[in-house]
1. Using 0.36 nm per residue, how much length does the chain from residue 146 to residue 231 gain when fully extended, once their Cα-Cα distance is taken away?
2. Could you give each residue of region 235-252 its phi-based ³J(HN,Hα) in whole Hz, using Karplus coefficients 6.51, -1.76, 1.60 with θ = phi - 60°, and x for Gly or Pro?
3. By how many nm would the segment from residue 120 to residue 160 grow when fully extended, if each residue of separation counts as 0.36 nm and the alpha-carbon distance is taken off?
4. Which trypsin sites (Lys or Arg not before Pro) does region 137-183 hold that lie in a coil by DSSP with at most 10 other beta carbons within 10 Å?
5. How many angstrom separate the Cα center of region 172-225 from the Cα center of region 22-43?
6. For the chain, with a Gaussian network of springs between Cα atoms less than 10 Å apart, report the residue from 241, 70, 199 with the top mean-square fluctuation.
7. Modelling each spin label as a point 7 Å along the Cα-to-Cβ direction, I'd like the residue 203/residue 97 distance in nm, to one decimal.
8. If we count chymotrypsin sites (Phe, Trp or Tyr not before Pro) as exposed when they sit in a DSSP loop and have at most 13 other beta carbons within 10 Å, what is the longest stretch of the chain that avoids them all?
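The values are calculated or read from the model by the stated rules, or taken from the named source; none is laboratory data. The structure presented is a predicted model; accordingly, all values stated were derived computationally and were not measured. Positions of Cβ are backbone-derived with ideal geometry, glycine not excepted, and every protein chain shown enters the neighbour counts. Side chains are part of the model used for accessible areas, which takes the heavy atoms of the whole protein and leaves out ligands, DNA and RNA. Shrake-Rupley method; radii C 1.70, N 1.55, O 1.52, S 1.80 Å.
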Amino acid sequence: MYFNTHTHLNSEQLYPNRDQFIQNALNHQVENMVVVGYDLESSKKAVEIAHEYSFIYAAVGISPNDCKDTTDEDLNEIEKLLQDPCVVALGEIGLDYYWEEVPHEKQKDIFVKQIEIAKKYQKPIVIHARDAYEDTYNILKQTAHYGIMHCYSGSAEMAKRYVDIGFEISLAGPVTFKNAKVPKEVAKSIDINHLMIETDCPYLTPHPFRGKLNEPANVVYIAQEIAKLKNMEIEDVARITTFNAKKMFGIK
């Protein structure tokens with residue numbers, strides 16, 4: 001049984017046919033998943049979907065690429081959503097220096113404010129970091145909380161530093177790409193007890209379906225690749241990563 005820790009069933013590409021994608025995930029033994037928000041509207045939609053299905057959970061938050069006009073009122077709305085019983089984490093939040101659409105200081109301000117909200121309610125945080133791993137690490141170390149490095153694409157050395165301060169490493173489609181040496185090295189070097197699996201669908205479709213729409217069921221291919229890289233049985237990868245996810249999200 002698989003736990004897909006990061007989906008965007010709330011996205012334009014997946015939301016209209018979400019029932020079909022959810023059923024296909026169940027057919028592939030994906031028994032739990034988290035729908036993750038990236039702005040206020042997508043966070044509300046994540047909660048809505050989680051209310052529709054007992055085995056689906058939500059994360060709410062405002063991502064670094066969507067926080068340019070974020071106000072304290074918006075953060076108050078996120079805080080209200082975080083108190084819903086179906087919401088298991090605050091995210092995705094973090095820093096993204098790749099797109100350069102939102103000033104770094106604004107990103108940091110909204111990031112830290114959301115971490116403080118998560119700490120208030122003792123909920124884990126789901127981290128989006130791109131081309132900003134050092135700054136992200138420094139903020140997380142200073143704020144002293146815990147959570148998940150979502151769709152991790154940094155080095156194995158950096159991943160170990162994140163694990164040391166209370167963060168688990170979640171791997172997505174790139175670990176299956178043939179020439180993706182760094183994610184494969186992360187999968188090999190990080191203890192399975194600190195790994196999780198996700199699709200980040202509809203993005204980053206795993207091999208052999210690259211170029212096609214990604215969906216929650218494809219998390220199986222991430223598990224297969226990790227099993228191969230770690231010389232483990234796929235059943236053990238599924239079982240342990242599911243245990244890790246449930247422990248992180250406080251799901252029994």
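1. Numbers: separation 85, 0.36 × 85 = 30.60 nm, distance 2.86 nm.
In short, 27.7 nm is gained.
2. Result, ordered by residue: 4, 6, 4, 4, 5, 6, 5, 5, 4, 4, 5, 4, 5, 4, 8, x, 9, 9 Hz.
3. Working: separation 40, 0.36 × 40 = 14.40 nm, distance 2.65 nm.
Taking 0.36 nm per residue and subtracting the Cα distance, the gain is 11.7 nm.
4. On the way: sites: 141, 160, 161, 178, 181; in loops: 178.
Sites meeting the loop and neighbour criteria: 178.
5. 16
6. Highest fluctuation of the listed residues: 70.
7. Distance between the two pseudo-spin positions: 1.8 nm.
8. Values: sites that count: 98, 99, 121.
By the stated rule (loop sites, at most 13 other Cβ atoms within 10 Å), 122-252.
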